[in-house]
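Asks: Quick one: the structure is below, and I'll ask about it shortly.
Throughout, read-outs are computed from the coordinates displayed, never taken from laboratory work. As the structure is a computational prediction, the values presented were derived from the model and not from experiment. A quick note on method: Cβ atoms are made from the backbone with ideal geometry, for glycine too, and the neighbour counts reach across all protein chains shown.
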Amino acid sequence: MRRKILLSIVICAPFVFDACADNQTGAANNAPVTSPTATPAAAQVQPTAAQQTQVVTASVVETKLDAGGAGEADITLDIADGYHVNANPASDKFYVATEVQAATRGGIAPGNPIYPRAVSRKLSFSDKPLSVYEGHAVIRLPLRADKTATKGRHTFRATIRVQPCDDHECLRPRDIAASIPIIIN
């Protein structure tokens, strides 16, 4: 009898755990990360994946560099009304700062990003004002082309890490891929 019970548990356990994991994964992908002081009504609102995708977008205009020369790419963040992202540097070490990451590639080397001036906002979940970006924020990325860089069109890749929040809660941090079109003369 004891063997039958153990055998039943061993056979059924993977199915039960798999079903539970699928349910939790789906909920975790769409659920916002709420602050401890978020209101119950706000905590129940769960943006869809499409809404989360559209809260913050990035665009870049074409940049021209001379071989052996330097320039800057302007990365524009468009942040939906009612939302913000934390500035760089963030107001507190526990907040996810907006950050641009890029690596040398194809003879093009990035410098340290130059972040815009932050806006100070008092939000419902914080005792003190926070440094944030709202609306449109332009991050300048210095670039240097090696003397031996191939002339012509290139696509330089960068990643922008953001955590969109509104006045009551924050969505999960996410990475935005930015393709920077570059012409080397």
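Asks: Relative to 2.2 N^0.38 Å, what does the C-alpha radius of gyration of the range 111-172 come to as a ratio? Two decimals please. Mind dumping the intermediate values first?
Replies: On the way: Rg = 17.3 Å, N = 62, 2.2 N^0.38 = 10.6 Å.
Cα Rg divided by the expected 2.2 N^0.38 Å: 1.64.
Asks: Output the Cα-based Rg and Dmax of the range 45-174 in Å, rounding Rg to one decimal and Dmax to a whole number.
Replies: Rg, Dmax (Cα atoms, Å): 16.7, 53.
Asks: Pairs of alpha-carbon atoms within less than 8 angstrom and 6+ residues apart define the contacts here; what relative contact order does the range 47-184 have, in percent?
Replies: Values: 335 pairs, mean separation 46.1, N = 138.
The value is 33 percent.
Asks: Sort 127-137, 111-121 for me by packing, meaning the mean count of neighbouring Cβ atoms within 10 Å per residue, highest on top.
Replies: Working: 127-137: 16.1, 111-121: 14.2.
Answer by packing, highest mean first, reads 127-137, 111-121.
Asks: Follow-up question, since we're still on this one. In a shell of Cβ-Cβ distance under 13 Å around residue 96, excluding residue 96 itself, what net charge do Lys and Arg (+1) and Asp and Glu (-1) give? Write down the numbers at each step before the final one.
Replies: Values: positive: 93, 161, 172, 174; negative: 92, 99, 175.
Net of charged neighbours comes to +1.
Asks: Give me log10 I(q)/I(0) at q = 0.33 Å⁻¹ for the range 84-129, Debye formula, one equal scatterer per alpha-carbon, no solvent.
Replies: -1.32
Asks: Of the chymotrypsin sites (Phe, Trp or Tyr not before Pro) in the range 70-112, which ones lie in a loop per DSSP and count no more than 11 other C-beta atoms within 10 Å? Walk me through the numbers before you get to the answer.
Replies: On the way: sites: 83, 94, 95; in loops: 83, 94, 95.
Counting only loop positions with at most 11 other Cβ atoms within 10 Å, the chymotrypsin sites (Phe, Trp or Tyr not before Pro) in the range 70-112 are 94.
Asks: Let me ask something additional. Take each of the peptides 141-149, 158-166, average the number of other beta-carbon atoms within 10 Å over its residues, and list them starting from the highest. Numbers along the way, then the final one.
Replies: Working: 141-149: 17.0, 158-166: 20.9.
The packing order, highest mean first, is 158-166, 141-149.
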